[in-house]
Amino acid sequence: MRAPDSSRIWIFIGCFGLLGSVQGQQTDSRVASQSTATKARAYLRFDAPLYKAGDCARLSLTMMDAPAALGSSPISLEVAAAVRGRATGRVSLAMRSAGDGRYEASECLRLTAGKIVAEGRSLRVEPGSVLGAVARDANGGVRAAALAVVPATSGSGKIRFSAGRGTSGHPQANAERAGELVDGQGRSVRFILNHVIVLERDRDELMRFLARRHGEIVSSLGRHHLVRVDPRTADPAHLEPLAELLGGAPGRYRFGSPTALRMGALVLEELAGGLAISLDVLTHADVQPQTAEQGGVSQFDVKSAWFAPNGSKVNLAEGMALASLFLVPSTPDIPVAFIDRGFAGPDDFSPPKPAVVKDYGADPSSLIADIPQCNVGLTSTRCSWMTLKAEATGPAPDAGKTWHGGSVASVALSTWNDSQSVGGVAFPVARPYLIRAADDVFSMASAIARALPAVSGPSARIISMSMGTGCTQDLGLFSLDICDAVQDGLASGVACFLLQIMFPALGAIPCADIAVLITIGEALDAVSGPVKDAEARGLLVVATASDDASEDANDARTVPCTLRNVICVGGIDAGLKRIGAKGSSISIYAPAIGVRTMQFPDQPPGTTITGVGTSFAAPIVSGALALALSINPLLTTDEARTLLRDSACRSANPNRQDGSACSPSPDAEVDKVGYIDLLELVRLARRSAAQSPLLACTGGWDGEEANDATDDFNSAISLPPLDPAIHGVSDYKSIKPDLSIHKIRTTPMPTSDEDWYKVSFGPTASGSPEGFVAKFSFHVEDPSLGILFAELWQSDPCKGPPVRVADADLMQAVNSQSGAGEASVTARVRSDLSYFIRVFGGIQVSGLRIYGGNCYNKVRAEVMDIGRLPPLPPQAANCR
């Protein structure tokens, strides 16, 4: 693999080390007496990045946060020139204070050609010369350095650029706004044609840049500015020699248009002068959903591999079911911001489909505009939490109208068992923020910033991003905002070693401190700033790795996946094998094939969309984290990431909390970090909140009745027969430790899930029917959760359907919140009848959330007392 661009860009800075050899020998140990990291930051700048013979260069110095005493200290300035790695001259210039920590050279530096002697201070230059300047304080300490270039008329031919006549070649690219650079191997960088990202270190430096590029700041994010520029201010003739000077990789490159070529020249001209600048690179969604025509059925049907109760290795249904038991009125909502493109709203459907609101987990009676949302574009930002408009809705800007954002969000948010077979992992605790970002890096960074806590407007706890971009290594010179090539080259770049050789006194200073002197080393990355802010404010950022299985996310430097503290999610198929990128930046793997999502606006009712790609793995993890935070809202970002890591199934961590073992992935790359196990995550979250993890509840709804759609007496499970002549007990225990988690069905209206059990009796000693007392019961592990009831029914002597046991025959009935922690019915029964235990839950409604349900681990029937024969039920009189 090639060395990263970060080292190549320092080749030109190394020239500065060579040209300063004379002054380096004159510098004493005072330079190294104080680490530059502890000094005030300073920015030394030429008034232009490029010069030619006959120009008069001016320099300025800005001291940031300088001590008051330093403001009156004299500053000395040395400027040198070099060509082809050889110093050709050096002069000293006086500096005068301009107030507020700013200094200016007392005179300009005249640049001459050949042997021409100019009045005043001058240096001889020729095409290809590099100018370097060093500012020193009164003690001889180096405060800052600056660079400028006299461009050569042509390069050596090792790097060649050409330009196409028009579009970039991508069908989804807008030829009027997108440019493209492609190398000889077909790798490409796509970017906005007339926008650049600039990091402001010195306001005057920024103003000079705006003036020479006819620039206008259209948006700002901290000290990062999105600037509209005029590409015509750049000279394409500078492109090849500057690319060689900056250490670009040899080869042939082709820009999509002459305008794109001028944009490349503009960026390199400014880089050569030390400005932190980047093209505004385009991002991409990691996948486009694929359709599969199926009927609208429950997503918990066993045909849906990822949601199959008691069958899926990722335990999505089990984890969701268990988490549903922990819902109480005080359970907090967890805001999840989805940053994406293509959110569908009712106005996008023809005819309108009300189910679209359910895709975002909202009340079906609400409007799409009730969901907080934002539209972050190149030049403006509109947010509905102030305007109450559906700002985020609408298709992605690519050709063909895609609805990627809505599909992605539905995986985490959709109402369970909705009409589209979609089930959101985090329903009903997740509350969405929809942030529609334009397809460029600056907009993506701005969208992250919009999700952060603010004085006005809502704030997310989780940011979910199924979009990003990668750094094409050999093209990183033109996309520093993504590749961050300069910063990565600081500690090991050529400049550090050359400067230490040329300036022996600098040998005691670490490379990172030397890099501070050359302020181009300051990080330009506009995306990492908001991500760091999110981390500092307690937000979890979840992003996806790419869908390219041959790619290493670290080598591709996928952003935001590879940024520190981002939870990067890789994709797996039903066989637990990797389908997307690998790499040490990936935190966990999750389902990425066959994930059901919301339907598209142009599809008929009943259409089921099956998502394919890592885009759908990210919202599964985001939803899982939302469930964990709802169980324990006090979790810090570090603690939440630790729970996610500790719950992942891998060879190094196979044991589950309930004593079972998971099935590690056969894919070595996946097994390094593991794949998601939602049930284990929910249990660990419950433990972290110092609560019972309900180990007896394995999760899943109707696990043993999965093929039964009705849940009535016809599907009742039979307990072993009881002998009515003696005191006896008949237990039924499921194959797994529990029978069922009882949830509340929410659609089409709130109803309780049910289980039915059948109890029969053997012959009596007399051979005639006898009456006695029996108790039917089940025990719950945590009675503080939702209420379960036991109801007793009996077979009809007239051969009709079962009927409720008469009130006169009921002796006692208690629910699961009784002091004993069990639900039971004690009644007088007959030996010649069969009895049915109906188990169901209570329903509570609070706002949008419906509560109820619990779990139990066995059902018991117990003969208590032999007694007189109970009277026949009233129905007997109607038998014919």
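One table, with the values for the structure above:
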| item | result |
| --- | --- |
| Selection from the range 384-399 of residues that are modelled with pLDDT of 85 or more and either in a strand (DSSP E or B) or open to solvent by 70 Å² or more (accessible area, probe 1.4 Å) (or both) | Thr393 |
| Tally of residues being out of contact with any strand residue (DSSP E or B) (no Cβ under 7 Å at 6 or more places or on another chain) and in a strand (DSSP E or B) across the range 84-117 | 3 |
| When residues of the range 241-258 are limited to those that are open to solvent by 40 Å² or more (accessible area, probe 1.4 Å) and modelled with pLDDT under 90, the one nearest to Arg213 (Cα to Cα) | Glu244 |
| Candidates Ala543, Ala574 - the one that is out of contact with any Ser or Thr (no Cβ under 6 Å at 6 or more places or on another chain) and either open to solvent by 10 Å² or more (accessible area, probe 1.4 Å) or part of a loop (DSSP other than H, G, I, E, B) (or both) | Ala574 |
| Residue match in the range 763-779 (condition: within 44 Å of the chain's Cα centre (by Cα) and of a type in the set (Gly, Ala, Ser)) | no |
| The one condition in (1) in contact (Cβ under 8 Å) with a residue 12 or more places away in the chain; (2) open to solvent by 10 Å² or more (accessible area, probe 1.4 Å); (3) farther than 30 Å from Ala409 by Cα that Ala272 fails to fulfil | (2) |
| Out of Ser350, Ser421, Ser324, sole residue that is in a loop (DSSP other than H, G, I, E, B), open to solvent by 10 Å² or more (accessible area, probe 1.4 Å), at pLDDT below 90 and of a type outside the set (Lys, Arg) | Ser350 |
| Count - residues of the range 281-317 that are touching an Asp or Glu at 6+ places or on another chain (Cβ under 9 Å), at pLDDT 50 or above and not aliphatic (A, V, I, L, M) | 10 |
| Test result for Arg436, more than 18 Å from Leu625 (Cα to Cα) and modelled with pLDDT of 90 or more | yes |
| Members of the range 182-204 found to be of a type in the set (Asp, Glu), in contact with a Leu (Cβ under 7 Å, 6 or more places away or on another chain) and closer than 22 Å to Gly101 by Cα, listed by number | Glu200 |
| Output for the range 790-822, where each listed residue is hydroxyl-bearing (Ser, Thr, Tyr) and closer than 15 Å to Asp712 by Cβ | Ser795 |
| Qualifying positions in the range 779-817 - closer than 22 Å to Tyr856 by Cβ and of a type in the set (Gly, Ala, Ser) | Ser784, Gly786, Ala790, Ala813, Ser816 |
| Top-ranked residue in the range 672-699 [being of a type in the set (D, E, K, R) and surrounded by fewer than 19 Cβ atoms within 10 Å (Cβ to Cβ); ranked as nearest to Lys313 (Cα to Cα)] | Lys672 |
| Those residues of the range 784-809 which are open to solvent by 60 Å² or more (accessible area, probe 1.4 Å) and either touching a Leu at 6+ places or on another chain (Cβ under 7 Å) or part of a loop (DSSP other than H, G, I, E, B) (or both), in sequence order | Ser784, Lys799, Pro801 |
| Residues that are open to solvent by 40 Å² or more (accessible area, probe 1.4 Å) and at pLDDT below 80, drawn from the range 72-86 | Ser72, Pro74, Arg84, Arg86 |
| Gly767, sole failed condition from (1) at pLDDT 55 or above; (2) on the phi < 0 side of the Ramachandran plot; (3) open to solvent by 20 Å² or more (accessible area, probe 1.4 Å) | (2) |
| Residues (at pLDDT below 90, out of contact with any Asp or Glu (no Cβ under 9 Å at 6 or more places or on another chain), of a type in the set (A, V, I, L, M) and not in a loop (DSSP other than H, G, I, E, B)) located in the range 810-849 | Val845 |
| Residues of the range 639-657 classified as open to solvent by less than 30 Å² (accessible area, probe 1.4 Å) and assigned to a helix (DSSP H, G or I), total | 4 |
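Here's the yes/no breakdown for (1) within 22 Å of Arg187 (Cα to Cα); (2) touching a strand residue (DSSP E or B) at 6+ places or on another chain (Cβ under 7 Å); (3) not in a strand (DSSP E or B):
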site: Arg208; (1), (2), (3): no, no, yes
site: Ala249; (1), (2), (3): yes, no, yes
site: Arg254; (1), (2), (3): yes, yes, no
site: Thr259; (1), (2), (3): yes, yes, yes
site: Met263; (1), (2), (3): yes, yes, yes
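Table: residues versus (1) at pLDDT 85 or above; (2) hydroxyl-bearing (Ser, Thr, Tyr).
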{"position": "Leu111", "(1), (2)": "yes, no"}
{"position": "Ala135", "(1), (2)": "no, no"}
{"position": "Val142", "(1), (2)": "no, no"}
{"position": "Ser156", "(1), (2)": "no, yes"}
{"position": "Phe161", "(1), (2)": "yes, no"}
{"position": "Arg165", "(1), (2)": "no, no"}
{"position": "His170", "(1), (2)": "no, no"}
{"position": "Glu176", "(1), (2)": "no, no"}
{"position": "Phe191", "(1), (2)": "yes, no"}
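The values are calculated or read from the model by the stated rules, or taken from the named source; none is laboratory data. Every value quoted in this text rests on a predicted model; they were computed, and no experiment measured them. Cβ coordinates were reconstructed from backbone atoms using ideal geometry, including for glycine residues, and neighbour counts include every protein chain displayed. Keep in mind that these areas ignore ligands, DNA and RNA; they rest on the heavy atoms of the full protein, side chains included. Shrake-Rupley method; radii C 1.70, N 1.55, O 1.52, S 1.80 Å.
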